[in-house]
Structures are given as C-alpha cells and as structure tokens.
1. What range in the chain is the longest one free of GluC sites (Glu not before Pro) that are in a loop by DSSP and have at most 13 other Cβ atoms within 10 angstrom?
2. E157 label point, 7 Å along Cα→Cβ, cut-off 11 Å on backbone N: hits in region 45-60?
3. DSSP loop (so not H, G, I, E, B), at most 11 other Cβ within 10 Å: list which trypsin sites (Lys or Arg not before Pro) in region 246-343 pass both filters.
4. If the label point is 7 Å along Cα→Cβ of T127, which residues in region 55-72 have backbone nitrogen under 14 Å from it?
5. Please list, in order along region 490-501, the HN-Hα scalar couplings obtained from phi with the Karplus expression 6.51 cos²θ - 1.76 cosθ + 1.60 (θ = phi - 60°), rounded to whole Hz, x for Gly and Pro.
6. Which whole-Hz couplings ³J(HN,Hα) result when phi for each residue of region 300-305 is put into the Karplus expression 6.51 cos²θ - 1.76 cosθ + 1.60, θ = phi - 60°, listed in order with x for Gly and Pro?
7. Which FRET efficiency value, to the nearest 0.05, is calculated for W142 and W365 with the Förster distance at 56 angstrom and r the Cβ-Cβ distance?
8. Amide H of T299: which non-local residues (sequence gap of 5 or more, or other chain) have their own amide H closer than 5 Å, using H built in the peptide plane?
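Every read-out reported here was derived from the displayed coordinates using simple, explicitly stated rules and does not represent laboratory data. Owing to the predicted nature of the structure, the values given are computational and were not obtained by experimental measurement. Glycine gets a Cβ as well: all are built from the backbone with ideal geometry, and neighbour counts include every protein chain shown.
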Amino acid sequence: MPLFSCPRTTSWGIGDIGDLEAMTAWLAAAGQRVLQLLPINEMAPGQQSPYSAISSMAIDPIFIDVATIPEFAASGGEASLSHDDRARLDRARRSPAIDYGVVRQLKRQVLRSAFERFVEAEWHRGTSRATALQAFTAEQAWWINDYAVFRAVHAAEGERPWTEWPARLRDHDEAAVADARRNLSHDVLFDQYVQWIAHEQWQQARRRTNGVALFGDLPFMVDGDSADVWARQHHFHLDVSLGAPPDAFSATGQNWGMPVYRWDVIARDDFGWLRDRARRHRDLYDGYRIDHLVGFYRTYGWPKEGKAFFTPDNEPDQLALGERVVSIFRDSGAEVIAEDLGVVPDFVRESLARLGVPGFKVFRWERQWHTEGQPYTDPLAYPPVSVATSGTHDTETLAVWWESAPAHDRREVARLAAVERVTSNATDLSTAPFNPAVRDALLEALVESGSDLALFPVQDVFGWLERVNEPATINGRNWTFRLPWPVDRLRDVPEASERQSTLHEWSAKHGRI
C-alpha cells in the first residue's frame, strides 16, 4: 500500500510518516510480517507519481507529519493557520482522493514558517537542536550536499529544469556550485532542515512498526530534472528516453521520458551511484523491491530519432551487467525482492534464481504459455524463492480482472488444486461473479502457495475496484487512492475487523505467522 493512501483522522489529507504506527498495528493484529510501500522519494514539481522523483535519496516533504514538528507546535500548531488555510485543510481531509496541490502548498508553508522559527530560536543560539541538524548534514553529506544546493537553485530559478539554468550552474561547475551554496545558504539550510525533520520522524516510525517490517521500492530511474542526474550528467544518455517494449501493459511500448544509463561510464565508476542508492534504501527500510528489474539487465531506450534499442545489445553483456547490479542490491544488507514483470527473457529469471532473489508470481499471468490451453500454474507449485501476489499497483484489481476473465479462464482457475483445497469444492467459482467467496478463495490459495512471501494490494484484500495507477496514462486519478477510513479508526470498522481476522486466520492456518 502506498504511504499516501493511509492517513489518520488528524493527517493533512494524505498518509504520512506518522501514520505508519497505526497502519502497522492493524497489520500486526492481522498476522502480517511486511508492509510494502511505494517510493517515498521527493516527487518532481507538479508531479504526483512516486516514480518521477527529483531525488533518489530525499524523502518527499509531503510525507512529513507537520503537526509534530516542535517549531510548528510552539507557534500554535493548526490554530496558527489562517481561516482560509484551515478551511482548505478541512477540505483536503474530507476529500475521497488526495489533493496534492493543496496538501503540498499547506505543508510547505508550515515547513518554511517552522524553519524560520528554528533559525531564530535554535540555529543562531547553537542549541542542541542546531547541533543535531549539523550532525545529520555531516553524516548524510554524501547525498544531501548536492541535493540541497540543487533544490535551492531549482526554487530560485522558478522551478525551471536544470537544463535551462545559467551555463556554469547547468554544467555543475564546481566553482559555480560553491557560489550558489554561499549565495543561497539560507535556502540550502532550509532544505537540509526539511530532510532532517523527515529523517527524525522516519527513524522514530521505524521504532514503532509493531514488529512489522517496512519494505520500500527502489525505482529503476529518477526524473531527468533531478539532483542525481544534474550531479552525474556524464552517467546518462540525456538525448535518449527510457521506456519499455510492448507488453501486457501497453501494446505500443512505454516511453517514460527519463534519461538512459550509460552503463560503460557507470561501470568505470564502479557503479557508485547505485551503491549509494542501495545504501540509502538499506538505511530506510528492512527490505525493498527492485523496480523494473529487467532494465538493469537490458535498458530500453527511445532516441529522438530512429528505432528504440536495448543497451547492452547482446545477451552475455546483459547477463553480466544485471548480475553485477543485482549483487550490489542484494549485498546491501536489506532483504531484496525483484519486480520481474513485463517482457522478461528466460535468462533473466534463471539469473535471479541463481542469485537467490525472489521474483514476482502474479497469479493471473502465471500460466504455461507454451502448453495447449495455456493452463494456470497452481500456486502450490510456486518455488519458495518467489513472491506470490494477486496484482501490483500497476494492474487492474482482482475484482476487475475476474469480471473480465473469459469463462474458460474461470473454469481453469476453479480446477486448480490450491483453489479446490481452500474451497473444499463447496463453492463453484467457474460461473460465479466476483463476490466475497471468489475473492477469498483466490487470496487464500495464494497464502497457501509455495512462495516464501505473499503480498496483496490492499484493494484486493477488500475486493475493491479502485486502482492506484493505470500505466501509460496521465490523468488526475492516478496515485490519488485513499483508504475509505482513517487508519486510526480501522478497529471501529466492521469490514476492516473482518478482514483483519480473516488474514490472521489464513496466516496461522498456512504457517505464515
């Protein structure tokens, strides 16, 4: 579930770091071990996709629990907001979907006000809080130095992309960057302060997860207009756009508008940036999903002119690259799983198996595609080193898939041993519309699967229709999904209590607790 989807009653219209404790309490009582989140990296200005980030390291300020910032509390908290701002906050809280524009503007306004109070009351006086911020920036200098200057200049330039900045700054000239650091020192400190607040809250949240492991998501790439690309321009083909070939999500392929790795240059740098990203994700999470795993073996690029291509362009080099990169992630010290969906060559999945990294088994796509009738693979036969799931944030929900599935497919699913075992043949799924019995038969079959880890999108647990994202589309609905109830009220919702009890029952019955 995305962090943005699970606000409390008092949250500011979006799930934030402070909401993790309540959400994991519900999950722990449901017998669950893992909460898998979407990326929490700072999104590019005007964006609401967590996969379009302005930094691969920074936590998005939109996820800060502003109510608990000491400087904001000292100024009066919510009561210090203007009448109009309180009205906007109330509307954001009551909205059935996330209003990113309002939430971001309100939180940034509070963060700036809190920072100015911090500078006056703490920074200039050299207090313990000032010392704590200094210690944080020194410890995180390996990423925050470039990030804070980039963010300050970006704001000073009216949020124009770095490719449109004055030449010396655009080219990351060391002297020009040093000048910007001095000239914009107040704003640089602001961005460091914001990341320090996010860090402190995140570390506190990690200590209050009720025994539930937090898993993150390491995006394949960040936005071209990002601190990472600006500081490492020679590592990327800036005139080639990252994408994916035609697959189940898009018949024409996907063009994501992000630069493509120059793998030869990155290799000469000993994959330094990817090592940094692995380090950062290890520090933030107990484990993480490697997004678009196949791209680390062979990256698909769309040039401005000419045909799309893979880099590297041959299988031996692709295999060597992928195994090198996956080993960097696997050896980071966090538990790693790999999103190996879409057009994935057999040699990539064979490589994952050799490396002992679990790939995804999305039930609807696990079929014997080269056998007559293309029968489904029984979940009981999934290998232990894999992740069983009913879908991802990019797929249509289980409910929508079942309703659109051909009658032949429904019959084949109903005959699977895993499904028959959990229904005891008491329910004929082959002709049933999507209902609680169908939902639970499909989910429990995956809980009983051979996979060591089973992950379910929260929509599928409840049987809802709403999806998080529709790939290859840009619209206002993507990435705005919210739970229909505040997470601190789940215990009072009969439907949520029933789901909690059922998940716990399945987990105990099938040895997953």
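1. Here the longest segment lacking exposed loop sites spans 1-158.
2. Zone members listed by number: none at all.
3. Answer by residue number: K304, K307.
4. 69-72
5. 4, 5, 9, 9, x, 5, 5, 5, 5, 5, 4, 5
6. So the J values, rounded to whole Hz, are 9, x, 10, x, 4, 9.
7. 0.90
8. Sorted by chain and number, the residues that satisfy this are T311.
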